[in-house]
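Okay, here's the structure, questions in a sec.
The values are calculated or read from the model by the stated rules, or taken from the named source; none is laboratory data. Every value quoted in this text rests on a predicted model; they were computed, and no experiment measured them. When we count neighbours, we look across all protein chains shown, and the Cβ atoms used for this are built from the backbone with ideal geometry, even at glycine. Calculation scope for accessible area: heavy atoms of the full protein, side chains included, ligands and nucleic acids excluded. Shrake-Rupley method; radii C 1.70, N 1.55, O 1.52, S 1.80 Å.
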Amino acid sequence: MRIVLFALFLAAAPAYGQARTKGFSITPRLYGASFTVDDAGDEVDGGGGLGLRLGYGFSKTVTAFVALEGAGIDAEGGPFENINDEYALGAFDIGAQFSFLPSNSINPFVRVGLNGTAAVFDVEGLDSDDDPEIAGGGLTLGAGAEFFLSRSLAIEAALDLSGGQINTFRIGNVQFNDLDGSDYGAGRLGVGLVWRP
């Protein structure tokens with residue numbers, strides 16, 4: 001973490017005035033994740049994962065994006081500890097990011113989008129295609145900053161919070177839709193690289 005902060009500090013001065021936020025962007029990132037479902041208990045599960053976001057800046061301040069992320073979650077002590085020790089958590093977001101200082105070397109932003117979240121549980125004795133899965137949809141709100149290393153490359157630090165309702169349960173070939181679902185909440189705190197070719 002100290003290395004990342006040091007790199008951010010060094011990046012700020014030389015990149016001043018060179019930042020570019022328009023056009024195509026690709027952002028891979030590492031992140032820490034948390035996940036909870038209201039009816040499954042009060043505890044929060046946590047883990048880590050990888051994500052990829054593709055964006056297109058229509059102007060200096062507005063970028064449309066799609067993001068796909070996946071994490072391995074430790075269920076110990078959390079709402080799903082009685083089901084399995086670990087499970088996979090996936091998230092899909094589509095939305096827009098709004099930059100506050102698009103021409104500066106440090107560019108804070110907020111983003112908002114539609115979110116889809118799914119958790120897949122690896123159960124002993126079941127084929128991987130038959131593993132239980134819960135899924136739902138909601139909204140994502142995020143905030144963070146880009147620290148430009150050059151005109152086309154930046155380090156991003158961001159927190160994304162998602163929430164909505166679980167409305168689908170699937171096991172094997174049996175799927176239940178339009179359930180009166182439980183509320184879910186997810187948090188993703190990540191660091192990544194933003195490249196605008």
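Name the residues in the stretch 45-63 that are open to solvent by less than 60 Å² (accessible area, probe 1.4 Å) and assigned to a strand (DSSP E or B), would you?
Asp45, Gly46, Gly47, Gly48, Gly49, Gly51, Arg53, Gly55, Gly57, Val62, Thr63
With (1) within 25 Å of Thr168 (Cα to Cα); (2) at pLDDT 60 or above; (3) open to solvent by less than 30 Å² (accessible area, probe 1.4 Å) as the list, and Val66 as the residue in question, which single condition is left unmet?
(3)
Let me ask something else about it. Filter the stretch 91-115 for residues that are among the small types (Gly, Ala, Ser) and buried (at least 17 other Cβ atoms within 10 Å of the Cβ) and give the result. I'd like the intermediate steps shown before the answer.
To start, the set of residues in the stretch 91-115 that are among the small types (Gly, Ala, Ser) comprises 91, 95-96, 99, 103, 105, 113.
Result: Ala91, Gly95, Ser99, Ser105, Gly113.
Here's the yes/no breakdown for (1) at pLDDT 85 or above; (2) open to solvent by less than 30 Å² (accessible area, probe 1.4 Å); (3) not polar (S, T, N, Q):
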{"site": "Asp131", "(1), (2), (3)": "no, yes, yes"}
{"site": "Gly138", "(1), (2), (3)": "yes, yes, yes"}
{"site": "Gly144", "(1), (2), (3)": "yes, yes, yes"}
{"site": "Phe147", "(1), (2), (3)": "yes, no, yes"}
{"site": "Arg151", "(1), (2), (3)": "yes, no, yes"}
{"site": "Ile155", "(1), (2), (3)": "yes, yes, yes"}
{"site": "Ala158", "(1), (2), (3)": "yes, yes, yes"}
{"site": "Gln165", "(1), (2), (3)": "yes, no, no"}
{"site": "Val174", "(1), (2), (3)": "no, no, yes"}
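Moving on to the next point. Keeping to the stretch 3-43, report how many residues are within 22 Å of Tyr184 (Cβ to Cβ) and at pLDDT 85 or above. Step through it out loud before you land on a result.
Step one: filter the stretch 3-43 for residues within 22 Å of Tyr184 (Cβ to Cβ), giving 29, 31-43.
Now restrict to residues that are at pLDDT 85 or above: 29, 31-37.
Counting residues in the stretch 3-43 that are within 22 Å of Tyr184 (Cβ to Cβ) and at pLDDT 85 or above gives 8.
State which residue pairs qualify: first residue farther than 30 Å from Ser150 by Cα and inside the stretch 105-121, second residue in a strand (DSSP E or B) and among the hydroxyl-bearing types (Ser, Thr, Tyr) in any location, beta carbons under 8 Å apart, and separation of 6 or more residues or different chains.
Leu114/Thr140; Asn115/Thr140; Asn115/Ser162; Thr117/Ser162; Thr117/Tyr184; Ala119/Tyr87; Val120/Tyr87; Phe121/Tyr87
Could you look through the stretch 70-87, keep only residues that are exposed (fewer than 14 other Cβ atoms within 10 Å of the Cβ) and part of a loop (DSSP other than H, G, I, E, B), and pick out the one that is modelled with the highest pLDDT?
Filtering the stretch 70-87 down to residues exposed (fewer than 14 other Cβ atoms within 10 Å of the Cβ) leaves 72, 76-77, 82, 85.
Then keep just the ones that are part of a loop (DSSP other than H, G, I, E, B); that gives 76-77, 82, 85.
On the way: Glu76: 68, Gly77: 62, Asn82: 55, Asp85: 72.
Only one residue fits best here, namely Asp85.
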